[in-house]
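Have a look at the structure below before the remarks.
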Amino acid sequence: VASLAALLDEICAMTAAETDRGQVSHAIAALAEQSDRRFAIAVATLDGETLSAGDAGMPFSIQSVSKILTLAMALGRIGDQLWSRVGREPSGSPFNSIVQLEHERGIPRNPFINAGALVTTDVVLAGGEPREAIGALLRFARMLAASDDIFIDANVARSEAQSSDRNRALAHYLKAFGNLDNEVERVLGVYHHQCALAMNCRQLARAGLFLCLGGRIPGSAAPIISPSRVRRINALMMTCGLYDGSGDFAFRVGLPAKSGIGGAIVAIVPGRAAIAVWSPGLNPHGNSVLGIRALEHLAQRMNWNVFATDTLDRT
Ligand code: GLU
């Protein structure tokens, strides 16, 4: 563990010196204000310890990382019936593509593109009040991370609502195909708030632990979601978690992960640890430039890779 702490410091120093830091997202006004100098990394281990370096206590907008939470909740609500409404294939298109949705007659490719996430949010809303669904999401995030500090950033939620034409179009399109049960504006209301969930890197790493532990959270006896469901969520993260950069990420890092346009990435080392990184500068696919570089370095040095076939264990 001492060497892991030193490695995180080393990664932090390495990223501080990087000049190619990507572009901060201008998709919504609140994200455009972020500084590309920010960098944080945290590793939560199975014994309940969390090691971190950089701006690891600073909250940021988790954006699309929240799509893991709504997927887990939607599966909890309707189980495998979800798969009649959303697919499980990488999209090969931008995360907010409308063309693909028309082509596939209202069944989004996977739950991590925006159209697919609108479907999982619709399932979570389930005819209830948006406020209740948002509250349930927040409670779920707090439980997973074992932290009451997690909040919804009202400024980001407002900003989402002001720039939601494309998501609104996707939602109406889903509705036209009969793949949205609730009213478009109510689904969007929940979606904007889930994107605005604010967490720091330490909390996000901890929140990922249930995906390393067969659905259990440290200290709990019974899984909160079943081990087979965890395997499937991890598989979807591996194939679809980094938008149209998922193949390259699997090649370079080899871990299931999910990114968001706020610059966060959470990565899972099954049976070992959960990692969160945050740096707002993005590559053209919408993934954090320094986040990927940091994960690549960490995974290589720790020999953390689900495709590793040697028995070398450096932890
Ligand atoms: N709020 C963003 C949107 O809905 C989330 C995108 C993302 O992080 O991928 O477009």
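General remarks:
- In region 1-28, the residues that are crowded, with 20+ Cβ neighbours inside 10 Å and part of a helix (DSSP H, G or I): LEU8, ILE11, THR15
- SER228 vs. criteria closer than 30 Å to ASN305 by Cα, among the polar types (S, T, N, Q), away from the ligand (no atom under 16 Å from the Cβ) and in a helix (DSSP H, G or I): yes
- All helices (runs of 4 or more DSSP H) inside region 62-178 with 2 or more residues being among the charged types (D, E, K, R) and within 20 Å of ASN234 (Cα to Cα): 66-78
- Any hit, region 41-54, residues being within 16 Å of the ligand (Cβ to nearest atom), surrounded by fewer than 19 Cβ atoms within 10 Å (Cβ to Cβ) and more than 19 Å from the chain's Cα centre (by Cα): no
- Hey, ASP244 outside any loop (DSSP other than H, G, I, E, B) and at pLDDT 95 or above or not: no
- Failed item in (1) part of a strand (DSSP E or B); (2) touching a Phe, Trp or Tyr at 6+ places or on another chain (Cβ under 6 Å); (3) of a type outside the set (S, T, N, Q), with GLY262 passing the rest: (1)
- Among the residues listed as ILE150, ILE107, the single one being more than 16 Å from the ligand (Cβ to nearest atom) and over 18 Å from the mean Cα position of the chain (by Cα): ILE107
- Taking each residue of region 86-99 that is farther than 10 Å from CYS240 by Cβ and looking for partners that are in a loop (DSSP other than H, G, I, E, B) and within 16 Å of the ligand (Cβ to nearest atom) with beta-carbon atoms closer than 6 Å, six or more apart or interchain, yields VAL86/PRO108; VAL86/PRO111.
- Cβ-Cβ distances below 8 Å connect the following pairs, each with a first residue in region 130-144 that is free of Cβ contacts under 8 Å to residues at least 60 places away in the same chain, a second residue that is outside any helix (DSSP H, G or I), and a separation of six or more residues or different chains: ALA133/ALA126; LEU138/ILE150; LEU138/PHE151; LEU138/ILE152; LEU138/LEU197; ARG142/ASP148; ARG142/ILE150.
Results for (1) touching a Gly at 6+ places or on another chain (Cβ under 6 Å); (2) within 21 Å of ARG206 (Cα to Cα); (3) within 16 Å of the ligand (Cβ to nearest atom), shown as yes or no for each residue.
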| residue | (1), (2), (3) |
| --- | --- |
| SER246 | no, no, yes |
| ARG252 | no, no, no |
| GLY271 | no, yes, no |
| VAL277 | yes, yes, yes |
| PRO284 | no, no, yes |
| SER288 | yes, yes, yes |
| LEU298 | no, yes, no |
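- Condition met for PHE95 (touching a helix residue (DSSP H, G or I) at 6+ places or on another chain (Cβ under 7 Å), under 27 Å from ARG38 (Cα atoms) and modelled with pLDDT under 95): yes
- On inspection, LEU31 does not qualify as within 27 Å of GLN162 (Cβ to Cβ), buried (at least 22 other Cβ atoms within 10 Å of the Cβ) and away from the ligand (no atom under 13 Å from the Cβ).
The values are calculated or read from the model by the stated rules, or taken from the named source; none is laboratory data. Quantities reported herein were computed from a predicted structural model and do not represent experimental measurements. When we count neighbours, we look across all protein chains shown, and the Cβ atoms used for this are built from the backbone with ideal geometry, even at glycine.
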